[in-house]
Amino acid sequence: MDSTSFWLRNVRIERGYEVAGDVVRSTQTELSHVFIQDGVIAQVVASDGIPPNMGEAEGMDNNSVYDGRDLLLLPSFREKHIHLDKTLLGEPWQAVIPAHGVAGRCEVEKRILPRLSTSPLERSNHLLERLIEAGSTHIRTHVDVYPEVGTIQLGPIQELLHTYRNTLTYEIVAFPQHGLLRSGSKELVREALRQGAHLVGGVDPATMDVDLEASLQTMVELAVEAGAGIDLHLHDPDYLGTYTMKRLAALSMEAGLQGKVSISHAFALGEVSEVEARVTAELLAESGITIITSAPHGRVIPPIPLLWEHGVSVEAGCDNVYDTWQPFGNGDVLERASRLAERFAWIDERALARSLRLITGGKETLNIHGEREWPAPGDAADFVLIDASCAAEAVARRGAREAVFSKGRLVWDSRQGHRKGNILIGKE
């Protein structure tokens, strides 16, 4: 199967809910065949709708048919917050050295990373392969820029991601981890954008940069100048945090950046009163700002049900995966969706399935009425085959990923590892 046009046979597709009164009892699936043409889903039919010798009927050889083995078909995942350049994967085990606050953690990182025996490219590649095996075919990675290293880490990450261009899509954030103003990194971020970064990064305008207004204004200025988006790391708590969000929302609308701005972490939304959270959510929705959470343990998580109620887009990512900040992480964003479902007590069939929206860019297999939304002809052929009976079980039990397809290409198979030939990861 060396092309992006083929039959995907014998996969389970969700076709509706079984309802008893007002309670969704279970999800009904249908054994189906899917025709992929030029990287797009062209046809979806029930397994009894076409003859079993479909390959011969279409004039195709055996390499143009992939047996889905009755596995569940779900949209592939979007990892919206990762730091490829920070991971220690490939290095001997080491736990995290304690440090005080974000600034202290940055200093530890600056000491450790240059001394490692493996290259940033090698370590990043280890993490990228884990993301793909876990089902992610789109990633947003932050790449540090600061005076001690300049933009030197950007090039290798761009080179690495380019070799994976047949496997995934990606975004790069020019990230001034040590403070946009505090570290004097404005010109470095500008240069990173010139070199191809897609978004302006920032971190804690009030407490890291110690000038909330100037920090936000600078981010917006850089974004408008480069035609880029913004992704702000915001750890600042309580009303300071929500005030920062409100100002960013206002500045984004003034600059015409609606739909191009994200706030990562946004812990403050879960620390303020419900009234304040709702007022802030309304502004976030109006300005098209997305909230991205990594579902960390030990921190308050933004109130996702409230944000959804107000029409705010929420996505998830793994953030730190075994680096100088955290010794934890496995690169599995489905695990993060499961963690969020547990945190918000999404325990019924429909709520568990809906949590997939956090990691699929809003895609759902079934809508609130139990009608099929995905897959449909015209959808991109980005999907995973999972050992689960339905989406709800996949989330709750973190079902094993058996195969991953991106742009109609098989990029991971549990029986074979990464594919060979012209669909080997990084090859044409």
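The values are calculated or read from the model by the stated rules, or taken from the named source; none is laboratory data. A quick note: this is a predicted structure, and the numbers were derived from the prediction, not measured. No Cβ is skipped: glycine too gets one built from the backbone with ideal geometry, and neighbour counts run over all protein chains shown. The accessibility values were calculated without ligands, DNA or RNA, using every heavy atom of the protein model including side chains. Shrake-Rupley method; radii C 1.70, N 1.55, O 1.52, S 1.80 Å.
Quick check on segment 344-366. Is at least one of its residues among the basic types (K, R) and under 21 Å from T167 (Cα atoms)? Checked segment 344-366: at least one residue is among the basic types (K, R) and under 21 Å from T167 (Cα atoms).
All of (1) in contact with a helix residue (DSSP H, G or I) (Cβ under 7 Å, 6 or more places away or on another chain); (2) of a type outside the set (D, E, K, R); (3) at pLDDT 95 or above hold for A345 with one exception: (1).
When the residues of segment 209-254 are filtered to those that are out of contact with any Leu (no Cβ under 8 Å at 6 or more places or on another chain) and in a loop (DSSP other than H, G, I, E, B), the one that is surrounded by the fewest Cβ atoms within 10 Å (Cβ to Cβ) is G227. In the set (1) closer than 21 Å to L240 by Cβ; (2) buried (at least 19 other Cβ atoms within 10 Å of the Cβ), L188 fails one condition alone, (1). Could you list, in sequence order, the residues of segment 370-388 that are over 14 Å from K407 (Cβ atoms) and either in a strand (DSSP E or B) or in contact (Cβ under 8 Å) with a residue 24 or more places away in the chain (or both)? If the condition is that a residue be over 14 Å from K407 (Cβ atoms) and either in a strand (DSSP E or B) or in contact (Cβ under 8 Å) with a residue 24 or more places away in the chain (or both), then G370, E371, R372, W374, P375, A376, P377, G378, L385, I386, D387, A388 are the ones that fit. Considering only segment 329-337, I want to know if a residue exists there that is in a helix (DSSP H, G or I) and surrounded by fewer than 23 Cβ atoms within 10 Å (Cβ to Cβ). Yes, segment 329-337 contains a residue that is in a helix (DSSP H, G or I) and surrounded by fewer than 23 Cβ atoms within 10 Å (Cβ to Cβ).
Selection of segment 340-349 for residues being of a type in the set (D, E, K, R) and crowded, with 19+ Cβ neighbours inside 10 Å yields only E349.
Taken together, the residues in segment 295-318 that are out of contact with any helix residue (DSSP H, G or I) (no Cβ under 7 Å at 6 or more places or on another chain) and over 18 Å from K260 (Cβ atoms) amount to 6. Within this structure, D2 passes the test of being charged (D, E, K, R), at pLDDT below 95 and under 30 Å from Y170 (Cβ atoms).
Residues in segment 76-90 that are open to solvent by less than 30 Å² (accessible area, probe 1.4 Å), out of contact with any strand residue (DSSP E or B) (no Cβ under 9 Å at 6 or more places or on another chain) and not polar (S, T, N, Q): L88, L89.
Of E191, E187, E159, all but one fail to be charged (D, E, K, R) and closer than 28 Å to G39 by Cβ; the exception is E159. Annotation note: of V34, V24, V11, the sole residue that is assigned to a strand (DSSP E or B), at pLDDT below 95 and either buried (at least 20 other Cβ atoms within 10 Å of the Cβ) or of a type outside the set (G, A, S) (or both) is V24. Among the residues here, A281 qualifies as small (G, A, S), buried (at least 23 other Cβ atoms within 10 Å of the Cβ) and touching a Leu at 6+ places or on another chain (Cβ under 7 Å). Note on segment 1-43: residues that are closer than 19 Å to E371 by Cβ and among the aromatic types (F, W, Y) total 1.
Of V261, V321, V300, all but one fail to be in contact with a Gly (Cβ under 8 Å, 6 or more places away or on another chain), modelled with pLDDT under 95 and either buried (at least 23 other Cβ atoms within 10 Å of the Cβ) or among the acidic types (D, E) (or both); the exception is V321. When segment 139-152 is filtered for residues that are within 21 Å of the chain's Cα centre (by Cα) and either among the aliphatic types (A, V, I, L, M) or surrounded by fewer than 19 Cβ atoms within 10 Å (Cβ to Cβ) (or both), the ones remaining, listed by number, are I139, V143. Under 8 Å by Cβ, and 6 or more places apart or on different chains, what pairs join a residue from segment 213-235 that is among the hydroxyl-bearing types (S, T, Y) with one that is crowded, with 23+ Cβ neighbours inside 10 Å and part of a strand (DSSP E or B)? Taking only residues 6 or more apart or on different chains, the pairs are S215/G202.
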